[in-house]
Amino acid sequence: MNSIWITLIIVGIAYYLLSKRIGSVENKVAEDNIIPFSLKLHFNIHRAVIFSPQILNRAKVTKEELDKGYDKWTKGFKDKWYGFLKDKDSQLGQENTNFNATYLSSDNMFIIEGSSEGKSLSYVVPNRTPLNNTRLWDQTLRYYPSKDKDLRNEEIRLEVDLRSEDFDGKTMCLITVGHREFENKTLAKSKYIKLLDFPLSYPYTREQISEGELKKFGFEKKDTTPWFDKDDFGKVTAHPWDTEIVYKHESGAEISWLT
């Protein structure tokens, strides 16, 4: 009989301590307004990059020529443009200007997936905003031409950073895409050219920026596509909670958001 009472007392104490622990965690979450969430983004910034004045100048082509469409390109233009893209000093393929970024609020980090020079890349980036910028992606777009194949210094580098900035008294998280041009074949001097800002969210929330706010940054909603899949028995199922929203920037860049 005594052993039963002892067991009940131990179970009661354990239940009390567990309930107290759960309550303290719930209170902490409520106080800090920390609700775990994830953000899944795909960046296709190829068009914004190749239509930038810095790239067009080096390719010796105009925006009007490039924007005509492939069926209207002359042979001479094709040779000049593709010759520039395939040159050993250029890295301007889709793989260099496309990547995925998944943010995990529970760990306050990004998982980055992409490829470069035919090799898949996957790495983790701790989120350092709002105190410091967080580098999400960078790729060398142009090297200085050199007769020595082993000597290739950066001329233009693509940089994608998460940063914070205050607007109307509120702190907003921005993903900024830009070029960095290096002068005199040295990393000591550089010039930064911003291509676009994507307003991601307000810090520590999954609140999406309104379409009106997006328009201020040059973005418009292009497509909204719900996700479907088929199981092993041929049944097609819709997942309304997994919807892809594509935002297009005036530069031609597209950013897809999987909700």
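The values are calculated or read from the model by the stated rules, or taken from the named source; none is laboratory data. Remember, it's a predicted structure, so these values are computed and weren't measured experimentally. Glycine gets a Cβ as well: all are built from the backbone with ideal geometry, and neighbour counts include every protein chain shown. In case anyone asks, the SASA skips ligands and DNA or RNA and just uses the protein heavy atoms, side chains included. Shrake-Rupley method; radii C 1.70, N 1.55, O 1.52, S 1.80 Å.
Among the residues of the range 59-71, those that are part of a helix (DSSP H, G or I) and closer than 18 Å to G252 by Cβ comprise A59, K63, E64, E65, L66, Y70.
On the given criteria, is I112 open to solvent by less than 60 Å² (accessible area, probe 1.4 Å), touching a residue at least 24 places away in the same chain (Cβ under 8 Å) and not in a strand (DSSP E or B)?
Working: open to solvent by less than 60 Å² (accessible area, probe 1.4 Å): yes; touching a residue at least 24 places away in the same chain (Cβ under 8 Å): yes; not in a strand (DSSP E or B): no.
Against the criterion (open to solvent by less than 60 Å² (accessible area, probe 1.4 Å), touching a residue at least 24 places away in the same chain (Cβ under 8 Å) and not in a strand (DSSP E or B)), I112 does not qualify.
Of all residues in the range 185-209, none that is under 14 Å from S164 (Cα atoms) and outside the structural domain of D166 (by the TED database) has its Cβ atom under 6 Å from the Cβ atom of a residue that is surrounded by fewer than 12 Cβ atoms within 10 Å (Cβ to Cβ) and at pLDDT 65 or above, 6 or more apart or on another chain.
Restricting attention to the range 212-226, the residues being at pLDDT 90 or above and over 17 Å from L258 (Cα atoms) number 4. In the set (1) under 18 Å from I193 (Cβ atoms); (2) open to solvent by 60 Å² or more (accessible area, probe 1.4 Å); (3) not β-branched (V, I, T), Q54 fails one condition alone, (2).
Does S105 satisfy the criteria of being of a type in the set (S, T, Y) and crowded, with 16+ Cβ neighbours inside 10 Å? Break it down stepwise before answering.
Details: of a type in the set (S, T, Y): yes; crowded, with 16+ Cβ neighbours inside 10 Å: yes.
Yes: the conditions hold for S105.
Picking from K189, K194, which residue would you name as being modelled with pLDDT of 90 or more, among the charged types (D, E, K, R), touching a strand residue (DSSP E or B) at 6+ places or on another chain (Cβ under 8 Å) and surrounded by fewer than 14 Cβ atoms within 10 Å (Cβ to Cβ)? On inspection, the qualifying residue turns out to be K194.
Among what's in the range 117-141 and is modelled with pLDDT under 90 and more than 28 Å from S201 (Cα to Cα), pick the residue that is least open to solvent (accessible area, probe 1.4 Å). Only one residue fits best here, namely G118.
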